[in-house]
Amino acid sequence: MRLGGGGAILPIMSVTRGRIEKNLQRIREEIDAACARSGRRVEEVSLVAVTKTVGLDEVKHLVDLGVTELGESRAQQLAPRAEEVAAWLGRRRKPQPAPVHWHMIGHLQRNKVKAVLGCSPVIHSVDSLRLAEEVDSRAERAGQTVDVMLQVNCSQEQQKYGVAVGAAMHLGEMITTLKHVRLIGLMTMAPLSDDPEAARPSFVRLRELFEEMRSEKTGGDGFRHLSMGMSQDYPVAVEEGATLLRIGSAVFE
Ligand SMILES: *Cc1c(COP(=O)(O)O)cnc(C)c1O
């Protein structure tokens, strides 16, 4: 597994529509099974297909297959790609597929906020007040309100990004005071491991933090998402309450 952190350029893979369709079907079956095991409804869980390792053709296959939530981890790829997909959808004859929503899931630098807001994304990776304030002021100028999530470092590893668990509640409260961002949930990345169970403690910690913040009324009614679970560990994430799964390689393998 490769993560698109830093400025790393990922190899672009080419995958057929048939393979993507099969993979999506298998992932949905896994999600259904995890929901059944944990007494959850499948409608509570959405798949965000992470397209950072594939080209525009694969993104189009996804849209044709009915996937509406698309994720990118780099601003430099998200902004132009969202434009290309919008133009492609605009040229298409009816019936139009459902509108797509973009999710910014990777580390976001403040000087990239303006470019990213052009496609009205959900931002999963807010981890500082300075970044939240930049999003707020750019959103105000653009006449938007932006949905954001707070990225939390639940594993206490030497991860580069994410606010510490102990500081999350306070940061969440400060973000809630901003008028042009809406705090809709929490996001975490579990430690990289081949063992899906290694992710569970991070997911549990995020859910407990979420429940604590909810009981303090942080974020209000809109505060309802847990963005957790990737290709290696998404069934575990579903069992622990994930509402948004960010899945890349399992869609394109
Ligand atoms: C790449 C990436 C994912 C998806 O990872 P896979 O292991 O390919 O499913 C999820 N979240 C973030 C933040 C990522 O950068």
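No value in this document is a laboratory result; all are computed from the given coordinates. Quick caveat, the model's predicted, so the values are computed rather than measured. Glycine also receives a Cβ, built like all others from the backbone with ideal geometry; neighbour counts cover every protein chain displayed.
What list of ³J(HN,Hα) couplings, whole Hz, do you get for the range 49-55 from phi and the Karplus terms 6.51, -1.76, 1.60, once you set θ to phi - 60° and write x for glycine and proline?
7, 8, 9, 5, 9, 10, x
Test of understanding: in a Gaussian network model of the chain with alpha carbons linked when under 10 Å, which of His180, His170, His101 would top the mean-square fluctuation ranking?
His170
Give me P(r) over the chain, computed from all C-alpha to C-alpha distances, binned every 10 Å, as integer percentages.
Per 10 Å bin, starting at zero, the Cα-Cα P(r) for the chain comes out as 7, 32, 38, 20, 3, 0 percent.
In nm, to one decimal, how far is the Ser14 label point from the Arg200 one, both placed 7 Å along Cα→Cβ?
Label-label distance for Ser14 and Arg200, simple model: 4.2 nm.
Given charges of +1 on the Cβ of Lys and Arg and -1 on the Cβ of Asp and Glu, with all other atoms neutral, how large is the dipole of the chain about its Cα centre, in debye to the nearest 20?
920
Pairs of Cα atoms under 8 Å, at least six residues apart: use those to get the relative contact order of the chain, whole percent. If you can, show how the numbers build up before the last one.
Details: 461 pairs, mean separation 50.6, N = 253.
Relative contact order, the chain: 20 percent.
Can you find, among Leu244, Cys119, Ile20, the residue sitting farthest towards the positive end of the charge dipole of the chain, where Lys and Arg contribute +1 and Asp and Glu -1 at Cβ?
After comparing all options, I get Cys119.
As a check on your grasp of the helix formula, calculate [θ] at 222 nm for the chain: sum -39500 (n - 2.57) over DSSP H runs of n ≥ 4, divide by the residue count, round to the nearest 500.
Taking each H run of at least 4 residues, the total per residue is -13000 deg cm²/dmol.
Could you pull the Cα extents of the range 1-121 along its three principal axes, largest to smallest, in whole Å?
43, 36, 26
Which residues' amide hydrogens lie under 5 Å from the amide hydrogen of Ser231, considering only partners 5 or more residues apart or on another chain, with H built in the peptide plane?
Gly248, Ser249, Ala250
Past the 22 Å Cα-Cα mark, which pairs from Lys94/Lys114; Lys22/Lys60; Lys22/Lys94; Lys22/Lys52; Lys52/Lys94? Intermediate results must be reported in sequence, preceding the final value.
Working: Lys94/Lys114 32 Å; Lys22/Lys60 16 Å; Lys22/Lys94 25 Å; Lys22/Lys52 19 Å; Lys52/Lys94 28 Å.
Listed pairs above 22 Å: Lys94/Lys114; Lys22/Lys94; Lys52/Lys94.
Let me test this: with uniform point scatterers at the alpha carbons of the range 122-253, what is the Debye-based log₁₀ I(q)/I(0) at q = 0.21 1/Å?
Values returned for q = 0.21 Å⁻¹ are -1.18.
Can you give the three extents of the C-alpha atoms in the range 67-171 along their principal axes, from longest to shortest, in whole Å?
Projected onto the principal axes, the Cα atoms of the range 67-171 cover 51, 30, 21 Å.
Please give the direction-averaged projected area of the C-alpha convex hull for the range 51-126, in square nanometres with one decimal.
On the way: hull surface 18.8 nm².
The Cα convex hull of the range 51-126, projected and averaged over all directions, gives 4.7 nm².
Which residues' amide hydrogens lie under 5 Å from the amide hydrogen of His225, considering only partners 5 or more residues apart or on another chain, with H built in the peptide plane?
Residues meeting the amide H criterion: Gly185, Leu186.
Mind putting a number on the dipole of the range 152-253 about its Cα centre? Charges go on the C-beta only, +1 for Lys and Arg and -1 for Asp and Glu, and I need it in Debye to the nearest 20.
In debye, rounded to 20, the range 152-253 gives about 540.
Please compute the net charge surrounding Arg110, taking Lys and Arg as +1 and Asp and Glu as -1 over other residues with Cβ under 11 Å from its Cβ.
+2
Mind listing the long-range amide H neighbours of Ser125? Cut-off is under 5 Å, sequence gap 5 or more, other chains count too, H placed in the peptide plane at 1.01 Å from N.
Met149
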